[in-house]
Amino acid sequence: MRTFLTILAGGILLAGCSEQPAAPAAKKEEAKPELASGQSALFKMYQVARTWAPDVAVLKLDSVRLDGVPDEPGKSGGWEAIFTSEQRAASHSFTWYALDQEPNIHKGVFAGSEGSNAHGETTPFLISDVKIDTDAALATAKGKEDAYEKKNPGKPVLFLLEKSSRFAHPAWRVIWGESVGTSGFSVYVDATTGAFLEIMH
């Protein structure tokens, strides 16, 4: 009888010490993509563009909205730039994206196509002329669009940086709408001084 009780107690002890099945590992949440301001993305692309041409100048910068990536004030998940070179008599496009998306969106800086140096009504400018970032340009523009935003809530905001003959310096165009062509309201802000320039309807 004593032997039976000893065996029984030993069995209970062993059962108590046996390992419990491991809980399934918690699924890792995908890291939220880090969006970039216009000035930050432009500088990242400029560093790579300088390997294409040491005299590179900025012709244009656009923000790009990505599916499933909500914008943050003054920031975007994608930016596209065109740089020019007098030495090479050519232009070159570059992109910066916060993440990969099939089929043509590549995370980080990616070199696009090379083309002619023709630039129409816009003028190339030095990156050092861009002293005002998109968050500050947005703050200035928002001071001019209260009535429009109340009538049109929830509109996405896009950014376009160019230098035209209308203004002395390159300017941020802060655009409310899905695209430049369909926008009903935008505000120009001087990218060198931060001054309000003009409203376009």
Give the calculated FRET efficiency between residue 43 and residue 106 to the nearest 0.05, with a Förster radius of 25 Å applied to their Cβ-Cβ distance.
-> 0.85
Using the Cα atoms as the points, what is the convex hull volume per residue of region 36-200 in Å³?
-> 109
So for the pair residue 201, residue 148, with labels modelled 7 Å out along Cα→Cβ, what separation do we get in nm?
-> 1.1
Determine the dipole magnitude for region 35-113: charges of +1 sit on the beta-carbon of Lys and Arg, -1 on that of Asp and Glu, nothing else is charged, the reference point is the Cα centre, and the result goes in debye to the nearest 20.
-> 220
For residue 44, list the lysines whose Cα falls under 17 Å from its own Cα; do not include residues on the same chain fewer than 8 positions away.
-> 60, 75, 107, 131
For residue 193, net neighbour charge (Lys/Arg +1, Asp/Glu -1) across residues whose Cβ lies under 11 Å away | -1
Size of electric dipole in region 36-200: Cβ of Lys, Arg +1 and of Asp, Glu -1, about Cα centre, debye, nearest 20 = 200
Once residue 55 and residue 117 are pulled to full extension, the length gained, defined as 0.36 nm per residue separation minus their Cα-Cα distance, is 21.0 nm
Within a Cβ distance under 12 Å of residue 159, other residues only, what is the Lys/Arg minus Asp/Glu net charge?
-> -2
Within region 89-184, report the GluC sites (Glu not before Pro) that DSSP leaves as loop and that have at most 10 other Cβ atoms within 10 Å.
-> 121
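Every number here is computed from the coordinates shown, using simple stated rules; none is lab data. This structure is a prediction, so every number in the text was calculated from the model and none was measured. Because the Cβ atoms are built from the backbone with ideal geometry, glycine has one as well, and the counts that use them run over all protein chains shown.
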